[in-house]
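Below is one structure, written out as structure tokens, with a few remarks after it.
Since every read-out is calculated from the coordinates, none of them should be taken as a lab result. Since the structure is predicted, the reported quantities are computational estimates derived from the model, not experimental observations. Here Cβ is always computed from backbone atoms with ideal geometry, including for glycine, and neighbour counts include all displayed protein chains.
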Amino acid sequence: MSSERPHRGTIFLEDAVVIAQEAFPGDQFVLRLDAPQCARAATPGSFVHIRCHETLPMRRPLSIMRVNAASGWIEVLYKVVGPGLRLLGQCKPGDRVSTLGPIGEGFTPHPERPRTLLVGGGVGIPPMVFLAETLRERTDARWQPLVLMGSEVPFPFRARPSTIIVPGIPEGAIACMPLLDEWGIPSRLASLAGYPGCHEGYVTDLATAWLATLSRAALDEVEMFACGPTPMLRAATAVARRFGIPCQVSLEEFMACAVGGCAGCTVPVTTPAGPAMKRVCVDGPVFDAYSVFPA
């Protein structure tokens, strides 16, 4: 494999079959696809480029939320924001959807920092679920993920009070994602929309409240991972910087080809060699937070 083309052979074009599609309030959908090649190669933070309908030439990049390599399926969560995703929301089991993936560099958790803080905002929630499930299955450290999610529209699941106590979480913040609770992974929700059991504020406020209760020794075991809108990622980076912890962010960006050819999704980053432009699709979407949002 040429060092100049590191992604050749790792991105697959598949005629995926719709297994299931579930609608949630706020024009949100969870789509499960039979895409075995993508399922085998996907990592937390990677995404798929989906053709929403045969009449639309442009694909849409969607973050992968769950995979089952053995069964060959992937799940994506998306919110309808235009005609393309509106058409995708009409897909039924048995329909075929062209998928290109998995694409991108994902998150890299470090065993020496097993207290992982996963922060997802809106459509940035899916990679956090994928990462949490992966950490649950890893045995190279005693991983202790905490997943914090924020949304101003209804969450794409039926929230309920958590059965897991999390020291340091503000009183009254008891709502969780049931799937994570079933896995034994603590999660908490934040919103300004007044949803029951949610922390009233931004998800980064909730992260700040929890981190502020930790000792320096505990903070030395924490690593933050975040995905969501750019303002949220900037705020998450500021929180990580305040508490002196490493942070990785998954960027959201408009994409055309999504395989590095058009360079339409480039962003400025700071590297050891100086400023550089990096492609979100294949150089990311995950980057070191401090390289994207320098002080």
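So the values come out like this:
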{"quantity": "Region 18-109: trypsin sites (Lys or Arg not before Pro) falling in loop per DSSP and having at most 12 other Cβ within 10 Å", "calculated": "none"}
{"quantity": "GluC sites (Glu not before Pro) restricted to region 64-114 and DSSP loop, no more than 12 other C-beta within 10 Å", "calculated": "GLU112"}
{"quantity": "Karplus (6.51, -1.76, 1.60) ³J(HN,Hα), θ = phi - 60°, over region 18-24, in Hz, Gly and Pro reported as x", "calculated": "5, 8, 7, 8, 10, 9, 10"}
{"quantity": "With eigenvalues of the C-alpha gyration tensor scaled by 5 and rooted, region 115-292, Å", "calculated": "28, 18, 16"}
{"quantity": "Interchain or long-range residues, amide H under 5 Å from ASP283's placed H", "calculated": "none"}
{"quantity": "Pairwise centroid distance, computed over Cα atoms, of region 259-295 with region 173-215, Å", "calculated": "30 Å"}
{"quantity": "Neighbour cut-off at most 10 other Cβ (10 Å), DSSP loop, GluC sites (Glu not before Pro), region 159-217", "calculated": "GLU171"}
